[in-house]
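S.K.: Take a look at the following structure, please.
Every number in this text was worked out from the coordinates using simple rules, so none of it is lab data. Please read all numbers here as calculations on a predicted model, not as lab measurements. All Cβ positions, even for glycine, are placed from backbone atoms using ideal geometry, and neighbour counts span all protein chains on display.
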Amino acid sequence: MTIHATEARTTTALDTPPVAGLAALRYARVQQFYAHQTALLDELRVQEFAATFTEDGVLVPAPPARPARGRAAIATALGAAHERRFGTEPVRRRHWQDALRVAELPDGSLGANYCTLVTVVRPWHPVPSLGPSAAVADVLVLDDGELRVRERRITPDHLSF
Amino acid sequence: MTIHATEARTTTALDTPPVAGLAALRYARVQQFYAHQTALLDELRVQEFAATFTEDGVLVPAPPARPARGRAAIATALGAAHERRFGTEPVRRRHWQDALRVAELPDGSLGANYCTLVTVVRPWHPVPSLGPSAAVADVLVLDDGELRVRERRITPDHLSF
Amino acid sequence: MTIHATEARTTTALDTPPVAGLAALRYARVQQFYAHQTALLDELRVQEFAATFTEDGVLVPAPPARPARGRAAIATALGAAHERRFGTEPVRRRHWQDALRVAELPDGSLGANYCTLVTVVRPWHPVPSLGPSAAVADVLVLDDGELRVRERRITPDHLSF
């Protein structure tokens, strides 16, 4: 079906590419992907989070942590990192993403770059702890009809100097 | 009028659904709705904010606050909550939203889930106070041609354990 | 080429304007513009940042700083403001944008309003410093096929009372 936008107004140059083209549609779709993936991350649903990577996906965290290859390794690494930092302490961690840039790569995949800021909330305390922030570089592919991450590289801002 | 995207490039699988379809258009539209609604909230324009709910809209804040039903009640509740917290102190409060997920519900309405983080700024002091953060679950409907909230449920993160 | 959205589902009122129309496409495009511009700002690539303004673009910061007119002046002002605040101290500053509202102005340009929150990270310290936050009002135009800023007015929240 063709998208019929039967708006009773005149189109202007602002309604044609590069302002309003396919890249804009794709951009909104990629935003949705990250919203869902971030919710899984923040709820520590590590298996479902790992399933947003391709089977052979790679997660490259900041050193000294080692890259995790494949979904099982990614799920394990995520749980282990959380336990290392918070032990059994009850916390609710959130990632706030911004400055998402999406570009088509030569091989047809998508390069996505964005920033992320972590907040950590503890029971009954309304003021979140802040940090770290990081730059994230992803390679996204269409995998069986779904957007998935083939590679993620995370560079924490405080280790980026 | 049909959207003509006369870009001089080849379309790829990334330009077809599910990557670039109607859901992506709708997603961008819902983002716009929240940007406008949040600006009204942050400027404490309580009547206009309440008008972004349906006539019988419901706002369910965190206990012990009680649900507010209908626009008049929502406007009143908003003003009262602000006064309870800040009295007559001059503050500028902002809500930063992220991780917006939108899904069509069986009855044709939209379920929208997102996170929000509050900052509070006081005159002459450049460092905002932070918190609380919360998870918000909305039901959106097309009401007389406009997107409006039929129901909003707010779960502050520090009360969610 | 026409965007063919061959999704195997029924369209509803939620898939037609005003929910899913040209304005939504344009909105996603404007978000992309800001993501790219913000990355240049945060990386202190002042010449490239200035090139996202029109030749005669104006940047109006908070007083007592004076408006900067033209790309060379904007690049200089940006570098000078950074040096005034941080000297030669190594910092990584980020701007987090939210509540973007876009509206067509009578002359065919776009008015864009949004909020911004600054974080500052220092080497080895994972907790960012926060602030200030500000309201930004831009006028965007299509300039030689690219979105560019013709005018930017910044109102820091702590100076807005």
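S.K.: Work out the charge dipole of the protein assembly as shown with +1 on the Cβ of Lys and Arg and -1 on the Cβ of Asp and Glu about the Cα centre, then indicate which of A:LEU142, A:ALA62, A:HIS125 is farthest towards its positive end.
M.R.: The residue sitting farthest along the positive end of the dipole is A:HIS125.
S.K.: Additional query: Need the C-alpha centroid separation for region B:85-111 versus region C:102-128, integer Å.
M.R.: Centre-to-centre distance over Cα atoms comes out at 19 Å.
S.K.: Let me have the relative contact order for region A:19-159, percent, based on Cα pairs under 8 Å that are six or more residues apart.
M.R.: For region A:19-159, the relative contact order is 22 percent.
S.K.: Taking the Cα centre of chain B as origin, work out the dipole magnitude from +1 charges on Lys and Arg Cβ and -1 charges on Asp and Glu Cβ, in debye rounded to 20.
M.R.: 500
S.K.: Still on this model: Counting other C-beta atoms within 10 Å, which of A:LEU110, A:LEU59 has the fewest, and how do the rest follow?
M.R.: A:LEU110, A:LEU59
S.K.: How far apart, in nm, are the 7 Å Cα→Cβ label points at B:GLU48 and C:THR76?
M.R.: 3.9
S.K.: I need the inter-copy label distances for A:ALA65: point set 7 Å along Cα to C-beta, values in nm with one decimal, smallest first.
M.R.: 3.5, 3.5
S.K.: Given a Förster distance of 30 Å, report the FRET efficiency between A:GLU83 and B:SER109 from their Cβ-Cβ distance, rounded to the nearest 0.05.
M.R.: 0.15
S.K.: When the helices in chain B are scored as -39500 (n - 2.57) per DSSP H run of 4 or longer and the sum is shared across all residues, what 222 nm value do you end up with, to the nearest 500 deg cm²/dmol? Write out the running numbers ahead of the final one.
M.R.: Working: 3 runs with 42 residues, N = 161.
Computed mean residue ellipticity for chain B: -8500 deg cm²/dmol.
S.K.: Take peptide A:146-158, look around each residue's Cβ out to 10 angstrom, count Cβ atoms belonging to other protein chains, and average those counts.
M.R.: Averaged over the peptide's residues, the number is 2.
S.K.: Report the extension gain between B:VAL127 and B:ASP56 in nm, rounded to one decimal, defined as 0.36 nm multiplied by the number of residues separating them, less their alpha carbon distance.
M.R.: 21.7 nm
S.K.: Looking only at Cα atoms, what is the convex hull volume of region A:19-159 per residue, in Å³?
M.R.: Taking the convex hull of the Cα positions in region A:19-159, it is 126 Å³ per residue.
S.K.: Consider the operator that turns chain B into chain C: which B residue has a Cβ nearest its axis, and what is that gap in Å?
M.R.: For the rotation taking chain B to chain C, the closest Cβ gives B:ALA28, 3.
S.K.: If you don't mind, there's one more thing I want to ask. May I ask you to report, in nm to one decimal and beginning with the shortest, the distances from A:GLU83 to the same position in the other copies, taking label points 7 Å along Cα-to-Cβ?
M.R.: For A:GLU83, the other copies' label points sit at 5.2, 5.2 nm, shortest first.
S.K.: Right, another one. One decimal, nm, shortest first: give the distances between the label point of A:PRO106 and those of the same position in the other copies, each label point 7 Å from Cα along Cα→Cβ.
M.R.: From this label point to the equivalent ones elsewhere in the assembly: 5.2, 5.2 nm.
S.K.: I need two numbers for region A:78-154: Rg to one decimal and Dmax as a whole number, Cα atoms only, in Å.
M.R.: 15.8, 49
S.K.: How many Cβ atoms of partner chains, on average, are near each residue of C:34-42 if near means within 10 Å of its Cβ?
M.R.: Numbers: counts 3, 9, 5, 1, 4, 8, 0, 1, 4.
That average works out to 4.
S.K.: So if I place +1 on the C-beta of Lys and Arg and -1 on the C-beta of Asp and Glu, and nothing else carries charge, what would the dipole magnitude of the protein assembly as shown be about its Cα centre? I want it in debye, nearest 20.
M.R.: 1480
S.K.: Please figure out what share of the DSSP beta bridges in the protein assembly as shown is antiparallel and state it in percent, rounded to the nearest 5. Each step should come with its number before you reach the end.
M.R.: Values: 102 of 114 bridges.
Expressed as a percentage, antiparallel bridges in the protein assembly as shown total about 90.
S.K.: Just tell me how shielded B:124-130 is by partners: mean number of partner chain Cβ atoms within 10 Å of each residue's Cβ, no decimals. Intermediate values should be presented prior to the final figure.
M.R.: Numbers: counts 3, 4, 10, 6, 8, 3, 9.
Per-residue shielding by partner chains comes out at 6.
S.K.: While we're here: Which value, in debye to the nearest 20, gives the size of the charge dipole of region B:47-136 about its Cα centre, when Lys and Arg are +1 and Asp and Glu are -1 at the Cβ?
M.R.: Working: 10 positive and 8 negative charges, 89 e Å.
Using only the charged Cβ atoms, the result is roughly 420 debye.
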